[in-house]
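This report refers to the structure that appears directly beneath it.
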Amino acid sequence: MADPMRIRAQMAGSMVDVRVLMAHEMETGQRRDAAGKIVPAWYIQSVTATCNGKTVLSAQWGPAVSKNPFLSFRFSGAKAGDKVIVTWTDNKGDKRTDEAVIS
Amino acid sequence: MNRREVLKASGGTTVMALMISVGLLKSGDAAAQEWNKNAFEAKNLNDTVKALGGTAATESKDITFVNAPDIAENGAVVPVGVQSKIPKTEMIAILVEKNPNSLSASFTIPDGTEATVSTRVKMGQTSNVHAVVKAEGKFYYATKEIKVTLGGCGG
Amino acid sequence: MKTTYLMATLALVAATSAQAQTKAPAPDRATQVMKASFKERGQAKLDRLNQDKAMELCTKYTTTPIPRKLAAEIEAENVKTIPFPADGKYLGDWKAGERIAQSGVGMQFTDNPANPSGANCYACHKLAPQELSYGTIGSSLYQFGKLRGYSPDIAKYAYGKIYNSQAYAACSNMPRFGHNKVLTETQIKDLVALLMDPESPVNK
Amino acid sequence: MYRTTTPTAAKWLAAAATFGLIVAGAVGAQAPAPKAAGKPAATAKAAPAPAPAKSTDPTVREIEKYREALADGNPADLWEVRGEELWKQKRGPKNASLEKCDLGLGEGVVKGAYAKLPRYFEDTDRVQDLESRLVTCMVMLQGFSYDQAKRAPFGSPENKSNMEALVAYATANSRGAKMNVSLSHPKEKEAYAIGKKMFFHRGGPHDFSCATCHAQDNIRIRLQDLPNLTKQEPAQRAYTSWPAYRVSQGELRSFQWRLFDCFRQQRFPELDFTSEGSVALTTYLARNANGGIFNAPAIKR
């Protein structure tokens with residue numbers, strides 16, 4: 001199973017500043033392994049961030065997003081103590097959900 | 001059969017709408033699940049805009065790159081942030097012209113979320129990078145060249 | 001030859017051990033530890049830790065200047081190793097030279113020894129101004145030919161310097177590309193062309 | 001257990017002294033440019049001096065911006081989290097965690113330990129760096145064989161390294177600590193001297209030593225600055241920024257990896273993981289960085 005994400009959510013004035021690091025290989029499908037075989041494409045395709053039941057960001061990614069992806073964005077309408085929940089799904093159907101409390 | 005296969009096999013919106021109505025999918029979830037294959041296979045700015053549902057994009061000075069250097073020390077990780085000052089921005093996409101497929105990432109910006117996102121993309125070589133914005137159904141873009149340099153001593 | 005030398009050394013040990021040691025020191029503990037800390041892998045065998053006379057001296061004089069007399073000896077010995085091209089031609093194809101100058105592959109244990117090596121000139125030198133990513137360990141070679149003149153003497157010097165840098169500057173940081181069989185004669189000629197062809201971007 | 005046969009330190013020190021290895025004030029040692037001699041007259045017309053100092057070079061300024069942009073959001077955090085779990089997890093034939101591992105400051109003390117490594121450990125009677133000490137703990141506490149503990153020291157996409165995760169966790173717990181590597185034990189002194197000798201040893205088909213790139217001021221390879229590791233200030237800056245997440249590899253790399261890969265690029269044979277020489281060279285470099293504030297895991301190209 002995939003390793004957990006590292007999510008930081010902090011109040012910045014009235015906005016919530018969110019930074020997410022995800023553990024994922026983001027294989028392009030073009031790299032060859034040590035034996036010279038093509039390593040199949042394997043990458044996160046969709047990311048959804050919610051807070052208090054509302055989607056605050058959603059994304060679609062291709063294999064050109066860097067390995068161990070980083071994402072940052074800001075949204076309003078939440079306060080310290082609320083939870084930000086992030087879910088990603090990759091092209092193999094693997095899924096990972098983690099959350100962070102806004103500080 | 002998993003959810004994506006259902007969607008693919010039955011090809012479309014009616015089944016998805018049905019699934020939403022019977023509570024198999026939440027509406028927010030559906031957008032995230034339906035990965036836009038055509039957009040991620042497009043080879044240039046115009047084709048990508050079309051695959052994203054537009055006709056053509058106009059250049060805009062209200063789109064700026066933030067945290068994106070002119071020169072990247074390594075093409076494997078190139079920080080790119082995009083800020084849109086276009087009112088009612090609903091989507092931001094990052095395209096790398098000379099990558100095998102142009103589109104790297106697209107972000108849906110709901111109400112209440114700032115029209116600024118930052119991520120990191122791979123660049124095979126020095127290239128123009130386009131930031132594409134959709135607002136009120138119209139498409140806009142801005143372009144910046146990012147040079148990718150060779151480094152180190154190993155080759 | 002090695003055996004004779006060893007025997008001669010052994011014979012001398014009892015009488016003049018200190019002197020003999022400076023000529024052929026028994027491996028000290030540091031050298032033993034170093035050698036025991038590496039293992040051969042691929043093309044990189046343990047003999048790569050061995051030093052010829054030049055490298056032994058250059059190691060000793062890394063932080064202090066090498067005495068003039070020793071430097072001259074190193075240069076004289078190394079200049080003798082250079083087989084200048086039999087056809088008297090020094091300039092190959094500068095475009096091929098540019099690719100060799102950009103490439104840093106070769107001779108590492110992760111490299112396939114069947115593939116040609118690069119020279120990685122840009123790692124240390126500025127050459128064609130279009131390349132932003134160049135190092136400063138070596139001097140700038142931009143306008144190499146233009147500044148020095150496109151004479152056969154300079155071309156010959158460039159060939160010799162790439163073949164065996166120790167022949168012209170003892171303890172130079174630059175690899176001895178020909179002497180240590182990193183590059184072929186054709187490759188060195190291509191690099192000379194990169195430096196000396198008036199059409200090369202280096203001279204624009 | 002995996003102790004190598006070691007002549008007494010005194011005997012070795014005497015031998016080393018004859019080769020001038022023990023140099024007082026080595027930290028301040030400076031490398032003058034090799035004396036150019038015997039060049040043909042033509043080189044007198046040499047091209048202008050290398051590019052001016054970095055701050056005025058627009059390319060280098062942009063690269064600095066690139067590095068700043070990366071600093072926010074370092075994937076090394078992912079290794080750190082995994083390393084902490086591994087540290088606390090009961091593993092191995094003895095089903096034990098590493099929470100009783102002594103990294104030099106007593107059983108289980110991780111905070112600040114890395115800033116004092118490498119150091120002499122009485123229980124193994126040798127100088128150890130972090131990685132070799134972690135191997136010891138995996139063997140002694142968890143019951144792994146020596147070979148098992150040394151397996152997969154460097155990760156790849158196909159083969160994640162537990163060692164690199166543990167290194168991330170341990171080093172992150174020294175962030176902010178002042179480098180303070182001791183040479184009070186004779187074996188620490190010996191390691192420093194051996195490491196110094198390795199640093200200057202030229203060899204391989206390229207005639208390279210560590211010093212080829214790391215004993216001069218203000219030079220760079222391609223666009224990467226090359227710290228003069230024989231001087232305190234640049235040695236501090238360099239040593240305190242390892243381990244690091246390498247974006248070119250997408251992996252967190254330990255200091256053992258740093259040395260392994262430097263020697264690979266020097267065209268030397270493979271530096272054996274946690275070998276005595278690797279620890280000695282680490283001792284030389286870590287000691288030269290004494291007084292620097294440790295600030296890693298970092299992120300690098």
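A few remarks follow.
- Calculated FRET value between A:A2 and C:E199, using beta carbons and R₀ = 51 Å, to 0.05: 0.40
- Solvent-accessible surface (1.4 angstrom probe) belonging to B:D70, in square angstrom, nearest 10: 60 Å²
- With N the number of residues in segment B:38-148, Rg(Cα) / (2.2 N^0.38 Å) evaluates to 0.97.
- Remark: segment D:65-80, residue by residue, has Karplus-estimated 3J(HN,Hα) of 4, 4, 5, 5, 5, 6, 4, 8, x, 9, x, 4, 3, 5, 5, 4 Hz, where x stands for each Gly or Pro and the curve is 6.51 cos²θ - 1.76 cosθ + 1.60 at θ = phi - 60°.
- Buried on assembly, segment C:84-111 (at least 40 Å² less accessible surface than by itself, 1.4 Å probe): C:Q108, C:F109
- Using a Gaussian network model of chain A in which every pair of alpha carbons under 10 angstrom is joined by a spring, one finds that among A:D90, A:D33, A:D17 the greatest mean-square fluctuation is at A:D33.
- Residue-wise HN-Hα couplings along segment B:74-88, as the Karplus relation 6.51 cos²θ - 1.76 cosθ + 1.60 with θ = phi - 60° gives them from phi, are 8, x, 5, 9, 10, x, 9, x, 10, 10, 10, 9, 6, x, 6 Hz; Gly and Pro carry x.
- Over 25 Å between alpha carbons, listed pairs B:K98/C:K126; A:K95/D:K94; D:K88/D:K116; C:K39/D:K178; C:K60/C:K80: B:K98/C:K126; A:K95/D:K94; C:K39/D:K178
- Phi-derived couplings, Karplus 6.51 cos²θ - 1.76 cosθ + 1.60 at θ = phi - 60°, listed residue by residue for segment D:112-126: x, 5, 5, 5, 10, 9, x, 8, 7, 10, 5, 5, 9, 6, 8 Hz, with x used for Gly and Pro.
- Charge context of D:G203, other residues only, Cβ under 11 angstrom, K/R +1, D/E -1: 0
- D versus C: buried accessible surface, summed, Å² (probe 1.4 Å, to nearest 100): 5700 Å²
- Counting only residues at least eight positions apart within a chain, or on another chain, the aspartates and glutamates with an alpha carbon under 16 Å from that of C:K146 are C:D197, C:E199.
- Exceeding the 28 Å Cα-Cα cut-off - candidates B:K37/B:K88; B:K147/C:K156; B:K147/C:K181; C:K181/D:K160: B:K147/C:K156; B:K147/C:K181; C:K181/D:K160
- Set of aspartates and glutamates with alpha-carbon distance to D:K111 below 13 Å, sequence-local pairs under 8 removed: D:E84, D:E99, D:D102
- Among the protein heavy atoms, those of C:W94 account for about 60 Å² of accessible surface (1.4 Å probe, every chain in place).
- Over all pairs of different C-alpha atoms, segment A:6-101 has a mean inverse distance whose reciprocal, the Kirkwood radius, equals 14.4 Å.
- DSSP loop trypsin sites (Lys or Arg not before Pro) with at most 15 other Cβ within 10 Å excluded, longest remaining stretch of chain A: A:38-78
- Against the criterion of solvent-accessible heavy-atom surface with a 1.4 angstrom probe, D:L285, C:L70 sort, most first, into C:L70, D:L285.
- In the frame of its principal axes, chain C has Cα extents of 64, 37, 34 Å, reported largest first.
- Distance between modelled label sites at C:L147 and A:A80, nm, 7 Å Cα→Cβ extension: 6.1 nm
The values are calculated or read from the model by the stated rules, or taken from the named source; none is laboratory data. Note that this is a predicted model, so its numbers are computed, not measured. Heads up, the Cβs are rebuilt from the backbone with ideal geometry, glycines too, and the neighbour counts pull from every protein chain shown. Heads up: the accessible areas ignore ligands, DNA and RNA and are worked out on the full protein's heavy atoms, side chains in. Shrake-Rupley method; radii C 1.70, N 1.55, O 1.52, S 1.80 Å.
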